[in-house]
């Protein structure tokens, strides 16, 4: 007669085999809902603008060279009061890339921004550590490199013989996308669930 102790490992083998085809328990991915208001610097709502969340792609340790739009959520559209909402956002640090009302072209999923950190010859080389264009008549729009335009009202920061972008609405190409630069850095914010965004378009 066959020994009875052989039945125990045989039973275990059957149970393991039965569970082998079962899918693993799904892990819930933490997501966030983010709301905000998008206004021009004049206080006028930026109505019917399309907003995209983007994240920096690092090249090297300190130099950010690209912005990559996140795939989900695809975008948000502001209402007539400039209000908007993103749902299904993975918490993290983001910038907002946008297209004002009337522009229908979609931005590239990834685009370079390295040139925005560059400096140029100063229009007031005797000044240093001074914001240029903060008072008086707003500065007119001007090209910045081959791809970008600093829209009307931008300011620079004087570094003696050179200067850099300080506060500006920046447009890539004729149809955008558009970015906001504050204190020499592209606008960013850490987003968690129920975060509030107050975004201002410098040139509007």
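What follows is calculated from the coordinates using simple rules that are stated; it is not laboratory data. For clarity, every value in this text was computed on a predicted model and none was experimentally measured.
Taking all Cα pairs closer than 8 Å and separated by 6 or more residues, the relative contact order of the stretch 29-201 comes to 27 percent. Please say if the stretch 63-204 is rounded, prolate or oblate, where rounded means a/c under 1.5 for a ≥ b ≥ c the square roots of the C-alpha gyration tensor eigenvalues, and otherwise the choice is prolate for a/b larger than b/c and oblate otherwise? Since a/c reaches 1.5 and a/b is larger than b/c, the shape of the stretch 63-204 is classed as prolate. Legend: Rg and Dmax of the stretch 40-105, from Cα coordinates, 13.6, 41 Å.
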